[in-house]
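The values are calculated or read from the model by the stated rules, or taken from the named source; none is laboratory data. Fair warning: this is a prediction, and the values are worked out from it, not measured in the lab. Don't worry about glycine lacking a Cβ; one is built from the backbone with ideal geometry, like all the others, and counts go over all protein chains shown.
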Amino acid sequence: MATVLGIESSCDETAAALVTDGRVILAQRIASQDEAHRPYGGVVPEIAARAHAERLTPLIEATLADAGMTLADVDAIAATAGPGLIGGVMVGLVTAKALAMASDKPLIAINHLEGHALSPRLADESLGFPYLLLLVSGGHCQLLLVEGVGRYRRLGTTIDDALGEAFDKTAKLLGLGYPGGPAVERLAREGNAKRVPLPRPLVGSAEPHFSFAGLKSAVMRAKVSGHHDDADIAAAFQQAAIDCLIDRSRRALHGAGPVSALVVAGGVAANQAIRSALEALAAEHGLPFVAPPLGLCTDNAAMIAWAGIERLGQSDPLDTPARPRWPLDPTAEAVRGAGVKA
Ligand code: KG4
Ligand code: ZN
């Protein structure tokens, strides 16, 4: 049996986990920084980096203790090396390097997006390659053909905002606080989506790309008009987002060739309404629908440890750089309008 220690610190969760090649999470701890960032309505990179620096090492110590293990018992140390907020990534990666050096264990540098992309395989051993993955998080919104470990073909991406970002901004606008996704989902249950007309950007277009900036502005106009109930706005926003995801995913399914399943991952995959809509889309195509349990959707270290298991045998040098940007498919062309998000 092989065990990998995973470390995650690329955004606002400080996390460590021990995962085996038998798909068992022996222990995992996550320290959320929600309280520290709440007054600002979003993640403040400097505050995040400092919090990771304070919390990470004791958290790793506690995770090992939870499993009754020491570093001598692990086979490799996997850490997120990007993409993400660079201060936090550096804290996690440098810590992993020091532990790897001290314990003489291999370091495995993990792409955070690969962590999300492979996380469904930790939860579901029957999930084989290739699968169509909708990766929706606070920083990304992509449709990827996952052909194998390290083999990703990007079929579509957002030309402006990520969907999680749009959820968070909608939450802020409606005074729901931070983090916004779960709060918008809760409020949406009490609203009627039909009462607020909102656009569905890029629906029907040939390439399976996304755009959420116009939707976000429309939500803002609906709010400042004073004509609409907040719950109706939340419901209409969520429904518009779902319509975009479904249309774009359907388009990708038609162009992807044979796939074993339709899979969703990333923080926004925690949204129950989105999961149900994707499940129906998969059924329409006679495909299994795979979504990790909620705790594996939002940022966590078990998915990083699992990516380390998938990459066992790899050993990255101690001068491996921390990367603020690190596309899963480096061959994918930049799309028009994609100034910021990769
Ligand atoms: O993957 P993640 O934890 O961090 C990134 O790598 O970005 O994703 C965080 C994002 C946030 O924007 C959060 O609002 C969103 O996921 N999110 C949700 C839900 N839970 C988290 N969005 C919609 N509905 C949810 N239930
Ligand atoms: Zn993430």
Is it the case, given these coordinates, that residue 328 is among the hydrophobic types (A, V, I, L, M, F, W, C), more than 16 Å from ligand 2 (Cβ to nearest atom), touching a residue at least 40 places away in the same chain (Cβ under 8 Å) and in contact with a strand residue (DSSP E or B) (Cβ under 6 Å, 6 or more places away or on another chain)? no
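Take residue 53 and decide whether it is free of Cβ contacts under 8 Å to residues at least 60 places away in the same chain, farther than 27 Å from residue 133 by Cβ and within 16 Å of ligand 2 (Cβ to nearest atom).
Values: free of Cβ contacts under 8 Å to residues at least 60 places away in the same chain: yes; farther than 27 Å from residue 133 by Cβ: yes; within 16 Å of ligand 2 (Cβ to nearest atom): no.
The answer is no for residue 53.
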Near pairs, Cβ below 8 angstrom, 6+ apart or cross-chain, from region 179-200 (in a loop (DSSP other than H, G, I, E, B)) to any residue that is within 16 Å of ligand 2 (Cβ to nearest atom): 179/34; 179/168
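Here are some residues: 287, 296, 281, 262. Which one is surrounded by 16 or more Cβ atoms within 10 Å (Cβ to Cβ), within 13 Å of ligand 2 (Cβ to nearest atom) and within 23 Å of residue 132 (Cβ to Cβ)? Working first, answer last.
Numbers: 287 fails: within 13 Å of ligand 2 (Cβ to nearest atom); 281 fails: within 13 Å of ligand 2 (Cβ to nearest atom); 262 fails: within 13 Å of ligand 2 (Cβ to nearest atom).
Testing whether each residue is surrounded by 16 or more Cβ atoms within 10 Å (Cβ to Cβ), within 13 Å of ligand 2 (Cβ to nearest atom) and within 23 Å of residue 132 (Cβ to Cβ) leaves just 296.
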From the set of residues in region 163-178 that are more than 17 Å from residue 275 (Cα to Cα), assigned to a helix (DSSP H, G or I) and not β-branched (Val, Ile, Thr), which is farthest from ligand 2 (Cβ to nearest atom)? 173
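Is there a residue in region 207-221 that is more than 20 Å from residue 141 (Cα to Cα) and modelled with pLDDT of 95 or more? Walk me through how you get there before you give the answer.
Our first condition is that a residue be more than 20 Å from residue 141 (Cα to Cα); within region 207-221, this holds for 220-221.
Cutting the leftovers down to modelled with pLDDT of 95 or more gives us 220-221.
Within region 207-221, one or more residues are more than 20 Å from residue 141 (Cα to Cα) and modelled with pLDDT of 95 or more.
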Residue, nearest to residue 13 (Cα to Cα), within region 113-152, restricted to residues that are within 13 Å of ligand 1 (Cβ to nearest atom) and hydroxyl-bearing (Ser, Thr, Tyr): 137
I need the helices (runs of 4 or more DSSP H) fully contained in region 252-315, keeping only those with at least 1 residues that are within 23 Å of residue 13 (Cα to Cα) and more than 16 Å from ligand 1 (Cβ to nearest atom). 302-310
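Yes or no, residue by residue, for (1) surrounded by 23 or more Cβ atoms within 10 Å (Cβ to Cβ); (2) in contact (Cβ under 8 Å) with a residue 40 or more places away in the chain; (3) of a type in the set (Gly, Ala, Ser); (4) more than 16 Å from ligand 2 (Cβ to nearest atom):
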site	(1), (2), (3), (4)
69	no, yes, no, yes
92	yes, yes, yes, no
108	yes, yes, no, yes
112	yes, yes, no, no
Evaluation of residue 215 against (1) buried (at least 22 other Cβ atoms within 10 Å of the Cβ); (2) of a type in the set (A, V, I, L, M, F, W, C); (3) within 24 Å of residue 283 (Cβ to Cβ) (one fails), failing number: (3)
Within region 5-50, tally of residues that are more than 19 Å from the chain's Cα centre (by Cα) and of a type in the set (Ser, Thr, Tyr): 2
If you scan region 69-121, which residues turn out to be part of a strand (DSSP E or B) and hydrophobic (A, V, I, L, M, F, W, C)? 76, 77, 78, 79, 81, 107, 108, 109, 110
